[in-house]
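Participant: First the structure, which I've put down as structure tokens, then a few questions once you've had a look.
The values are calculated or read from the model by the stated rules, or taken from the named source; none is laboratory data. These numbers come from a predicted model, not from an experiment. In this analysis, Cβ positions are derived from the backbone assuming ideal geometry, glycine residues included, and neighbour counts consider all displayed protein chains.
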Amino acid sequence: MYVTNTEETNFMLLKNGRVLSWGPQSFTLGRKCKSAINENYVPREIEFKTKILDIACGKNHCLAKNEYYEVYSWGSNEFGQVFQKYFFKILIENKVIQLF
């Protein structure tokens, strides 16, 4: 088990490759919340299609590497840190980065 965090969101990588997230910043959770804001504070699984091997966080963004060495990113892209096309875009759900 490995635990890391952004400025206000926590992540737990379990031995089986599943990732849980919780905290007040809904845009860094890596998942959508279906109900009230209190759901953010309950550890819930981020759905990935494959096993996650590693996760790293910055102040308001996260990167996760899967078993095929694909990298997922989510959170604030204010300075291009989630490697998406448009700066200042916030990516709520995780997405595979297309590396070049």
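Participant: Of the residues that make up region 66-73, is at least one loosely packed, with under 12 Cβ neighbours inside 10 Å, modelled with pLDDT of 85 or more, in contact with a Gly (Cβ under 8 Å, 6 or more places away or on another chain) and more than 17 Å from T4 (Cα to Cα)?
Facilitator: yes
Participant: What are the pairs with Cβ atoms under 6 angstrom where one residue, in region 6-25, is at negative phi and the other, located anywhere, is acidic (D, E) and surrounded by fewer than 17 Cβ atoms within 10 Å (Cβ to Cβ)? Sequence gap at least six, or different chains.
Facilitator: R18/E45; L20/E45; P24/E8; Q25/E8
Okay, residues lined up against (1) touching a strand residue (DSSP E or B) at 6+ places or on another chain (Cβ under 7 Å); (2) of a type in the set (G, A, S); (3) surrounded by 14 or more Cβ atoms within 10 Å (Cβ to Cβ); (4) at pLDDT below 85:
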site	(1), (2), (3), (4)
V3	yes, no, no, no
T9	yes, no, yes, no
M12	yes, no, yes, no
K15	no, no, no, no
L20	yes, no, yes, no
N38	no, no, no, yes
V42	yes, no, no, no
